[in-house]
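Bear in mind these aren't lab numbers, they're just calculated from the coordinates by the rules spelled out. In this text, all values refer to a predicted model and were calculated from it rather than measured experimentally. Every residue, glycine as well, gets a Cβ built from its backbone with ideal geometry; the counts of neighbours run over all protein chains shown.
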Amino acid sequence: MHHITVFGATGRQGGSVISHLLKKGGFNIRAVSRDVSSEKAKRLAEKGVEVVRGDLLEPPETLVPLLKGTDAVFGVTDYWSLLDRPEGAEKAEVQCGKNLVDAIIEAGVPFPIFSGLPSTLKLTDNKVRTSHFESKATIEEYIREKGHPFIFVHPYAYFENIYYWLQPSSESSFEIVLPMGTCPMFLTCMQDFGGVIASILDSPQKYLGKTIDVVHEFIDCYKLAEIISEVLEKKVIYRPVSVDEYKRFPFPGAEDLADMFNAYQIMFDSNHIQNYDIASGRELYGQYHSLKSWTQEHKAELLKHQ
Ligand SMILES: NC(=O)c1ccc[n+]([C@@H]2O[C@H](COP(=O)([O-])OP(=O)(O)OC[C@H]3O[C@@H](n4cnc5c(N)ncnc54)[C@H](OP(=O)(O)O)[C@@H]3O)[C@@H](O)[C@H]2O)c1
């Protein structure tokens, strides 16, 4: 029996990891949550998962006891819940990551997995800085400095974001408004992400020190709208906007997301695309959804947005 501790267990990444580990069987799963009495935490406990309290904003000493005897850790830090922190979300996320890493090293966990992201500054030749990418890249740098072997995974924009992207519109049934022009982007089916992690855990030794990009589609927003339109049998249009216009959208974090889409347009162009290894993530879990099959599976829920 492998013992694994999962952070972000009540969220999308950790939740996907847990559901795949449960499906696979043979894992003793400990889930970390800041609130063990929440509905999501209780649902995990009902499935036989051990749920323990832990907060990545608290010092590593508080996390070490949660990791003792653990063979593997799935670690993720949440930039978006830190937007109100006085020191800023980027600094706060880096601190969460360092607390996690220090605790993992102190507890001597042999197979830690960190869900990070690359530096957009590096990948755009210093043109675009994206705070929620830079924070994760800084954590990865800290891990490498510490020298304790980790496995790195990089998910990109979730298929599940389509629930937010799809907006009712007067001209069509739905519109998708993003500052991506005609550029394709990486998309990850979060539902299948956990399958990649479960597969890595079959032979974790092999992946220590490696970075796995988890990418299930590489398409532009016109194609994205076309696929969704076809499956939902509704008119869906993509309305491109400028990065500056998107920055002014009235929701928290719009500016940083606009920077991300701006960076994508350089990161995924023909001069930069060779920086990624899409094949490995797909081979690790071959039963992943295409955007079309995912949309078919979630058609009823997506249509509720109308
Ligand atoms: N959305 C995308 O397309 C996308 C793509 C790539 C990467 N990401 C990155 O994914 C990360 C978020 O992951 P997600 O989408 O799985 O999150 P999510 O579904 O929003 O859930 C957040 C999770 O983080 C946990 N959490 C938050 N603050 C915590 C803290 N201080 N200590 C311990 N746990 C904490 C929450 O647990 P409790 O509430 O139970 O404590 C919850 O399980 C972000 O950093 C984002 O940048 C997102």
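Of the residues making up the stretch 93-108, those that are within 14 Å of Gly147 (Cβ to Cβ) and surrounded by 21 or more Cβ atoms within 10 Å (Cβ to Cβ) are Val101, Ile104. Looking across the stretch 141-153, the residues that are in contact (Cβ under 8 Å) with a residue 24 or more places away in the chain and surrounded by fewer than 21 Cβ atoms within 10 Å (Cβ to Cβ) come down to Tyr142, Lys146, His148, Pro149.
The C-beta contact set for the stretch 1-19 (first residue touching a residue at least 60 places away in the same chain (Cβ under 8 Å) and basic (Lys, Arg), second residue assigned to a strand (DSSP E or B) and near the ligand (Cβ under 6 Å from one of its atoms), distance under 9 angstrom, 6+ apart or interchain) comprises Arg12/Tyr158.
With respect to Val51, is the statement that it is under 16 Å from Val101 (Cβ atoms), within 14 Å of the ligand (Cβ to nearest atom), assigned to a strand (DSSP E or B) and touching a Leu at 6+ places or on another chain (Cβ under 9 Å) true? Taking the combined requirement at face value, the residue does not satisfy it.
For the stretch 1-48, a residue qualifies if it is surrounded by 15 or more Cβ atoms within 10 Å (Cβ to Cβ), more than 8 Å from the ligand (Cβ to nearest atom) and assigned to a loop (DSSP other than H, G, I, E, B), and exactly one does: Val36.
Candidates are the residues of the stretch 168-211 that are more than 16 Å from Lys24 (Cα to Cα) and of a type in the set (Val, Ile, Thr); the one that is farthest from the chain's Cα centre (by Cα) is Thr182. Kindly establish whether Glu145 is among the acidic types (Asp, Glu) and part of a helix (DSSP H, G or I). So Glu145 fits the description; yes.
Residues of the stretch 64-78 that are touching a residue at least 60 places away in the same chain (Cβ under 8 Å) and surrounded by 15 or more Cβ atoms within 10 Å (Cβ to Cβ): Leu66, Leu67, Thr70, Asp71, Ala72, Val73, Phe74, Gly75, Val76, Thr77, Asp78.
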